[in-house]
Amino acid sequence: MSGTLNKVMLIGHLGDEVKLHYFEGGNCIGRFPIATNETYTNRQTGEKVTNTEWHNIVVRNKAAEICEKYLSKGDLIYVEGRLKTRQWQGEDGATRYSTEVQVTDFTFLSNKGGEEARGASPASNMGSGVSQGPAAGKTPPRAEPPEEEDDLPF
């Protein structure tokens, strides 16, 4: 295969509020962590084990403002984007690294009552304004495939 692919799809809970940073010229960037969980049963002890993985999420411009307005700590969100690793020098002179998900599309999944309970969630009202790229209108993938009809007589 000659091409490469850098694509990430996550469904997780916000670990903190969205923090915005504005730049000269009116652009802005929003950052927030999300947590994804993996749960399994230990075969030897029968105990349920949950592992949490934290992801640094980055949204830009209008999408960042939408996230700040409608999201809060604990909310469930679907994000789609690409991985980007940043490098910088720490105060102690050591080189530091951080891997982030640069978001191209997202969908709010938490039901907060009020408008959302009536089917008018902020994400659905924003249309393609929620997307940051060509992935507008996508919905999160289903956990299970749809049932297929077959022509078997039994």
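Values quoted throughout were computed directly from the atomic coordinates according to the rules given, and no laboratory measurement underlies them. Since we're looking at a predicted model, the values are computed, not measured. Using ideal geometry, Cβ is built from the backbone for each residue, glycine included, and neighbour counts are taken over all protein chains shown.
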Quick one: ASN51 ticks every box in (1) under 20 Å from GLY12 (Cβ atoms); (2) part of a loop (DSSP other than H, G, I, E, B) except a single one, so which number is it? (2)
Going through the stretch 75-114 one residue at a time, which ones are in contact (Cβ under 8 Å) with a residue 40 or more places away in the chain, in contact with a Ser or Thr (Cβ under 9 Å, 6 or more places away or on another chain), part of a strand (DSSP E or B) and not small (Gly, Ala, Ser)? LEU76, ILE77, TYR78, VAL79, GLU80, ARG82, LEU83, THR99, GLU100, PHE106
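Could you say which residue among GLU68, GLU80, GLU47 is among the charged types (D, E, K, R) and over 18 Å from the mean Cα position of the chain (by Cα)? Steps first, answer last, please.
On the way: GLU68 fails: over 18 Å from the mean Cα position of the chain (by Cα); GLU80 fails: over 18 Å from the mean Cα position of the chain (by Cα).
After ruling out the rest, the residue left standing is GLU47.
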Pull up the stretch 22-46, narrow it to residues that are in contact with a strand residue (DSSP E or B) (Cβ under 9 Å, 6 or more places away or on another chain) and of a type in the set (D, E, K, R), then point me to the one that is surrounded by the fewest Cβ atoms within 10 Å (Cβ to Cβ). GLU38
Exactly one condition in (1) exposed (fewer than 14 other Cβ atoms within 10 Å of the Cβ); (2) within 15 Å of the chain's Cα centre (by Cα); (3) in contact (Cβ under 8 Å) with a residue 40 or more places away in the chain is false for ASN56; which is it? (1)
